[in-house]
Amino acid sequence: MLSLAVAVVSTIALPAQADEGAGEYKVKAAFIYNFARFVDWPDTAFSSADAPFVVAVVGKDPFEGILEQLVAGKQVGARRIVVKHFDSADQIGPCQILFVPMSEDDSLSGIIQKVQNSPVLTIGESEDFDSSGGCFRFFTDDNRMRFEINQDAAEQAGLRVSSKLLKLAKLFKK
């Protein structure tokens, strides 16, 4: 368990250069992988005991293959990780993590409604993500990538966030 905490802390220490898009999304991809390791999903989040752990991106993919490279051959628990892409809210299918890029701000309420009351960890980057019902939001502070957690949204989704992760996050307050 200590090694998992070190992994998250070392990921957080990576600088986020806003003008270097690829570098920013490498950091975000590493965060997403570590989030998967520090959040517990109910058994109902999976269609079967051997179903993969699905990380999905809705809309235009800002990772441009970085996410797939980072999780290649990795697992969450005993489940292999699969990355999926959905073009729009209407196409969103089963997944455990759904990343919503800033390019989808106009569709944000429809995306959140699509997965509301489902065991899906929604992660976004827009200023209004938490207040719209998203679970985790990326932001930069002092040139470092940080994250904010809307604990109410995570609990409503049936997810249990590790206390170690909560200690490292900014907590969203309505």
Determine which lysines satisfy two conditions relative to Lys26: a Cα distance under 26 Å, and not lying fewer than 8 residues away in the same chain. Lys60, Lys74, Lys84, Lys164, Lys167, Lys170
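With +1 assigned to the C-beta of every Lys and Arg and -1 to the C-beta of every Asp and Glu, and no other charges, what is the dipole magnitude of the stretch 2-171 about the Cα centre in debye, to the nearest 20? Don't skip to the end; give the middle numbers.
On the way: 16 positive and 23 negative charges, 171 e Å.
Rounded to the nearest 20 debye, it is 820 debye.
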Each label point is 7 Å from the Cα along the Cα-to-Cβ direction; what then is the distance between the points at Arg80 and Thr140, in nm? 3.6 nm
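If a/c stays under 1.5 just call it rounded; otherwise compare a/b with b/c (prolate if a/b is bigger, oblate if not). Do that for the chain, with a ≥ b ≥ c from the square roots of the Cα gyration tensor eigenvalues.
On the way: a/c = 1.19, a/b = 1.07, b/c = 1.11.
Since a/c stays below 1.5, the shape of the chain is classed as rounded.
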State, to one decimal in nm, how far the label point of Met102 lies from the label point of Ala22, with both points 7 Å from Cα in the Cβ direction. 2.0 nm
Three-way shape call for the stretch 89-141 based on the alpha-carbon gyration tensor, with the a/c threshold at 1.5: prolate
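Not counting the cut sites, what is the longest span of the chain without GluC sites (Glu not before Pro) that DSSP labels loop and that have at most 14 other Cβ atoms within 10 Å?
Numbers: sites that count: Glu20, Glu64, Glu127.
Answer - 65-126.
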Farthest toward positive dipole pole in the stretch 2-171 [+1 Lys/Arg, -1 Asp/Glu at C-beta], among Ala29, Ile92, Leu165: Leu165
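Just so you know, all these numbers are worked out from the coordinates, no wet-lab data involved. Because the structure is predicted, anything quoted here is derived from the model rather than measured. Cβ: placed from backbone, ideal geometry, glycine included. Neighbour counts: every protein chain shown.
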